[in-house]
Structure formats: structure tokens, C-alpha cells
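Colleague: Structure in C-alpha cells, see below.
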Amino acid sequence: MVETGSYMTTLKIDSRTALEGELDRIVNEAVQHAVARPGHGILVTRHAFGTFTVELSNEVPQGTIAELDMTSRLRNDIVKSGQTGSRGSLSRQFSSKREKK
């Protein structure tokens with residue numbers, strides 16, 4: 001059973017330049033939520049050109065950002081950190097430990 005965390009955001013945008021900036025901002029926001037909710041990684045799903053959801057998922061290992069591209073020929077192909085993919089820049093690790101200030 002897939003359990004999603006309490007964080008989920010949908011992004012719809014038509015400018016490639018704006019898309020990258022907004023997607024990075026939303027993923028960074030999701031990282032903050034994932035740090036506060038152990039046991040969840042971040043899943044970025046591309047539904048169509050310019051339409052993405054970013055959510056916490058217990059099917060993505062903690063500390064990992066994975067992408068699911070629903071538009072690819074190989075549907076349901078999850079690109080995880082260390083593998084080659086169409087948006088490898090999104091597949092990365094993040095620290096689940098809070099830094100002391």
C-alpha cells in the first residue's frame with residue numbers, strides 16, 4: 001500500500017525557464033517536510049508537459065528524491081538517484097538530519 005505524507009503540491013506552468021525554478025523551489029520545500037516526517041522520500045511525478053506533482057511517499061526511500069514520468073514510453077519508470085534519466089538533476093539525496101544552528 002502506498003502511503004503519501006501530508007505534503008503534496010501540483011505545479012502547472014508553460015514556460016521552461018519558469019518551470020525549472022518553480023520545480024526546484026517546490027522540491028526544496030518538500031525536503032523540509034520530509035525531514036520532519038521520517039520514513040518518507042519525495043516523489044516528483046510528471047503528468048504532462050508542464051504539469052507535475054511533488055509529494056512525500058513511503059515508497060521512496062528516506063533521503064531520496066525520485067521521479068515518475070507518466071509521459072514516457074516506459075510508463076511507471078521511476079528514476080532514482082544514481083540512475084540515468086530524463087531529469088537526472090532532480091534525482092538526488094538529501095539529509096534527513098536536522099542541522100543544529
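No lab work stands behind these numbers, since they all come straight from the coordinates. Just so it is clear, the structure is predicted and the values come from calculations on it, not from any experiment. Positions of Cβ are generated from backbone atoms using ideal geometry, with glycine treated the same way; all protein chains shown enter the neighbour counts.
Colleague: Can you list residues whose amide H is under 5 Å from GLU67's amide H, if they're 5+ apart or on another chain and H is modeled 1.01 Å from N?
Modeller: Counting only residues 5 or more places away or on other chains, the set is VAL44, VAL79.
Colleague: Then there's this: Compare the peptides 40-48, 55-63, 10-18 by average per-residue count of other Cβ atoms within 10 angstrom and give them in order, highest first. Spell out each step's value before the answer.
Modeller: Numbers: 40-48: 20.9, 55-63: 18.4, 10-18: 11.8.
Result, highest mean Cβ count within 10 Å first: 40-48, 55-63, 10-18.
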